[in-house]
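The values are calculated or read from the model by the stated rules, or taken from the named source; none is laboratory data. Note that the coordinates shown come from a computational prediction; the quantities given were computed from them, not determined experimentally. Cβ sites come from the backbone with ideal geometry, for glycine too, and all protein chains shown count toward neighbours.
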Amino acid sequence: MGQTNADTDFSAGRDPWLARLGDLRNVVRQQVVARQLDGHVRGTFGDADGRPLRVLDVGAGQGTQVLRLARLGHVVTAVEPDPLMRASFDKTTASLEDAARERVTLLAGDLAKLASVTSPAAYDLILCHGVLMYLPESRTAIATLARAAAPGALVSVVARNGDALAWRPSVRHDWEAVVELLDEQEGALKQGRDPLYRNELGVQARGDRSADLLATFEDEGLRVEGWYGVRVATDDVSVDTPVPTPDELARIVDVEERLGRTDPYRRLGTLIHVVGRAPGGRMAPWPRARTSTAG
């Protein structure tokens, strides 16, 4: 997988991202990813003798997934470089019950500094969601995540699906954008690099081709346990579309989850969710809960 020279700075899109957290597309994304992730956690760890998992979330953002896991009883460490995103994370953490809040540690840092800011070094469940598209390439990031994994740990990555960049504008009948993205995909393939796009936050970003991403997992010693498309059918709506009634939302998430695990539909997901497993199967010694600090 070739490197790009993209200037992919998420901070430019931070404010619109935070403003849209409660809208349909983001809620569907988070709920579908949670279902996919929870299925693998149950299949891998069962009840883990009633003990919490040691969870690491790199590029945790506002903390939707990792704080959900803290509510479920797991001990979580979140690493986030942006101070305003950490402030949003802290705001949500403050709403947790005391026992859950004590299981949360928030650290300032990123993938490049991961080894220096996290302790202990091995985690049972590692998340890196919505980060890779803002990096010049994915292999370095996945290698870093693999080094932080305990024996038998799960590593969960959500990236932009570089195979389906033209799908969103096509279902919106934006033919000019379709042609532009198809040209970009073809050019990137010929040049041996990843395709680029400008997302709806106004930030230039990068897509990962599914075959390349899956191969990178395997190359870094992470056996692919499953991969899924995310937002196959609901990506054509505008970014500010509100969440419907609970019953309708549940139907949407049911359909999206099923499409996301079924060929050929999963290949059209705007995002690709890959879950890999580190070698071995014995869980690392159990951590002692740490108190939260914004760093």
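In this structure, does Ala153 turn out to be among the small types (Gly, Ala, Ser), at pLDDT 95 or above, assigned to a strand (DSSP E or B) and within 30 Å of Val41 (Cβ to Cβ)?
yes
Restricting the search to region 162-193, which residues are over 19 Å from Leu214 (Cβ atoms), outside any helix (DSSP H, G or I) and either of a type outside the set (Lys, Arg) or within 23 Å of the chain's Cα centre (by Cα) (or both)?
Ala166, His173, Asp174
Please work out which residue is surrounded by the most Cβ atoms within 10 Å (Cβ to Cβ), limiting yourself to region 202-234 and to residues that are among the polar types (S, T, N, Q) and more than 19 Å from Leu24 (Cα to Cα).
By that ranking, first place goes to Thr216.
Taking the condition crowded, with 18+ Cβ neighbours inside 10 Å and of a type in the set (Lys, Arg), does Arg198 pass? Reasoning before the result, please.
Numbers: crowded, with 18+ Cβ neighbours inside 10 Å: no; of a type in the set (Lys, Arg): yes.
For Arg198, the condition - crowded, with 18+ Cβ neighbours inside 10 Å and of a type in the set (Lys, Arg) - is not met.
Just checking, does region 192-211 include any residue being within 23 Å of Asp263 (Cα to Cα) and out of contact with any strand residue (DSSP E or B) (no Cβ under 9 Å at 6 or more places or on another chain)?
So far as region 192-211 goes, yes, one or more of its residues are within 23 Å of Asp263 (Cα to Cα) and out of contact with any strand residue (DSSP E or B) (no Cβ under 9 Å at 6 or more places or on another chain).
Which ones in region 240-257 are in a helix (DSSP H, G or I), among the charged types (D, E, K, R) and loosely packed, with under 15 Cβ neighbours inside 10 Å?
Once the filter is applied, which keeps residues that are in a helix (DSSP H, G or I), among the charged types (D, E, K, R) and loosely packed, with under 15 Cβ neighbours inside 10 Å, region 240-257 yields Asp247, Glu248, Arg251, Asp254.
Can we say Val237 is hydrophobic (A, V, I, L, M, F, W, C), farther than 19 Å from Leu37 by Cβ and either in contact (Cβ under 8 Å) with a residue 12 or more places away in the chain or surrounded by fewer than 14 Cβ atoms within 10 Å (Cβ to Cβ) (or both)? Even if it seems obvious, please write down each step before you answer.
Working: hydrophobic (A, V, I, L, M, F, W, C): yes; farther than 19 Å from Leu37 by Cβ: yes; either in contact (Cβ under 8 Å) with a residue 12 or more places away in the chain or surrounded by fewer than 14 Cβ atoms within 10 Å (Cβ to Cβ) (or both): yes.
Yes; evaluated as a whole, the condition is true for this residue.
Please identify the pairs in which a residue from region 148-177 that is touching a residue at least 24 places away in the same chain (Cβ under 8 Å) has its Cβ atom under 8 Å from the Cβ atom of a residue that is in a loop (DSSP other than H, G, I, E, B) and basic (Lys, Arg), counting only partners at least 6 apart or on another chain.
What qualifies is Pro151/Arg282; Gly152/Arg282; Gly162/Arg209; Asp163/Arg209.
Restricting attention to region 194-212, and to residues there that are in contact with a Leu (Cβ under 8 Å, 6 or more places away or on another chain) and not in a loop (DSSP other than H, G, I, E, B), which single residue is farthest from Arg20 (Cα to Cα)?
Asp208
Let me spell it out: the conditions are (1) over 29 Å from Arg25 (Cβ atoms); (2) in contact (Cβ under 8 Å) with a residue 24 or more places away in the chain; (3) outside any loop (DSSP other than H, G, I, E, B), and Ala121 meets all of them except one. Which number is the exception?
Ala121 satisfies every listed condition except (3).
Would you point out which residue out of Leu107, Leu84 is under 22 Å from Arg14 (Cα atoms), in contact with a strand residue (DSSP E or B) (Cβ under 9 Å, 6 or more places away or on another chain), outside any loop (DSSP other than H, G, I, E, B) and not polar (S, T, N, Q)?
The match here is Leu107.
Which is crowded, with 21+ Cβ neighbours inside 10 Å and in a loop (DSSP other than H, G, I, E, B), of Ala70, Ala78, Ala60? Outline the logic, then answer.
Numbers: Ala70 fails: in a loop (DSSP other than H, G, I, E, B); Ala78 fails: in a loop (DSSP other than H, G, I, E, B).
Residue meeting the stated conditions: Ala60.
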